Amino acid sequence: MSLWKTERDASGVVVATYTNPPMNYFCAQGTQELGALIPSWSDPAVRAVVLTGGMTGKFITHYSVEELAALAADHDTMRALGLGLNHGYHELLRSLRDLPKPVIVAMNGDTMGGGFELSLSCDIRIAAAGDHRIGLPEATLGILPGGSGTQRLSRLLGAGRAIDFILRGRICRPEEAREIGLVHEVAPDALARARAIASDLAQLSPIALAEIKRCVYRGSDVSLEAGLVIESESFMATMFSKQGLDTMREYVAQPLDKRRAWLERRPGLAHPRK
């Protein structure tokens, strides 16, 4: 690995940092390295994953337009690759989304195009406060967000809001991104906040977290009736787990007037008050 570096702390939180100076553009090598890392995060010892950028003011600025332009000029290669050109990237992001554990992105700077598509594949998005830009500017470059951006954004915002955002090639500041619903939080230090959330999530039942992801993501792609079947199966998996039973017993053992405080004992999981 030369572009991605990882570290794992005692709680099982992996932090993966992408560094590709001078602009921290995503590129073919970066996607290949990430594709090699993702399966290793299925290790039960890994309880949560945080992605971040290794350069000041930049998470992943966007995918390298230099690479894309060179590819577009090579028609023979384009014809040979066909739809497989997009399929590989789609599979990469799908494998990240489908990891059976929380994936949090610390968007510590500009996060556009392919960098934002990567972020949309993460469970929780924390943007850094500051003069940064977030969005999908591809239309202004004569192309479209081909790394799942058209599909993921329309599922996140609804088709009406997504088409406006994508047609205009919009990029916005972190605070507006939060208001629109593109990110979950804006923090002075995105990485520190992402680490705090990941550390608290790492203490929760891994079975519960994995089944929650399964319910939400698989359930949202099927009918309500089929989604409820998925939810029922996942609920039973948590009810049969030892950690589920032990944790419920711990809660029941609390005095009645202490139970709400027990539920709120992990500050990393609470949304900051505005």
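The values are calculated or read from the model by the stated rules, or taken from the named source; none is laboratory data. Bear in mind that the values here come from a model prediction, so they are computed numbers and not experimental data. For neighbour counting, all protein chains shown are included, and Cβ atoms are generated from backbone atoms with ideal geometry for every residue, glycine included. Note: areas computed on protein heavy atoms with side chains; ligands, DNA, RNA excluded. Shrake-Rupley method; radii C 1.70, N 1.55, O 1.52, S 1.80 Å.
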Is the C-alpha gyration tensor of segment 80-188 telling us rounded, prolate or oblate? Criteria: a/c under 1.5 is rounded; beyond that, a/b larger than b/c is prolate, otherwise oblate.
oblate
Normalising by the residue count of segment 5-164, find the relative contact order in percent from Cα pairs under 8 Å and 6+ residues apart.
21 percent
Given the options Lys258, Lys213, Lys101, state which has the largest fluctuation in a GNM of the chain using a 10 Å cut-off (strictly under) for Cα springs.
Lys258
Relative to the longest principal Cα axis of the chain, at what angle does helix 28-37 sit, 0 to 90 degrees, rounded to 10?
20 degrees
Linear extension gain, Asp131 paired with His271, 0.36 nm per residue minus alpha-carbon span:
48.1 nm
Cross-link candidates for Lys58: which lysines have Cα within less than 18 Å, leaving aside residues fewer than 8 places away along the same chain?
Lys5
Gain upon complete extension [Thr6, Cys172; 0.36 nm per residue less C-alpha separation]
56.8 nm
Between Ala28 and Leu245, what is the FRET efficiency for a Förster distance of 45 Å, r being their Cβ-Cβ separation, to the nearest 0.05?
0.45
Please grab the % of Cα pairs in segment 220-274 that end up more than 17 Å from each other.
61 percent
Where a ≥ b ≥ c are root eigenvalues of the Cα gyration tensor, a/c under 1.5 meaning rounded, otherwise prolate if a/b exceeds b/c and oblate otherwise, segment 160-228 counts as oblate
Among Ala128, Ala237, Ala198, the residue with the largest mean-square fluctuation in a Gaussian network model of the chain built from Cα contacts under 10 Å is Ala237
Where does helix 242-252 land angle-wise versus the long Cα axis of the chain, in degrees 0 to 90, nearest 10?
60 degrees
Taking all protein chains in place and a 1.4 Å probe, what share, in percent, of the accessible surface of the chain do carbon and sulfur account for?
58 percent
Per-residue [θ]222 nm for the chain (sum of -39500 (n - 2.57) over DSSP H runs n ≥ 4, rounded to 500)
-13000 deg cm²/dmol
A student applying the Cα gyration tensor rule (rounded when a/c is under 1.5; otherwise prolate if a/b is larger than b/c, oblate if not) would label segment 194-250 oblate
On a 0 to 90 degree scale, rounded to 10, what angle separates helix 190-201 from the longest Cα axis of the chain?
40 degrees
When ligands, DNA and RNA are left out and all protein chains stay put, how many square angstrom of accessible area per residue does segment 1-86 have with a 1.4 Å probe?
51 Å²
Can you tell me the convex hull volume per residue for segment 31-71, based on C-alpha atoms, in Å³ to the nearest whole number?
89 Å³
Convex hull over the Cα atoms of segment 1-97, averaged projected area in nm²?
6.9 nm²
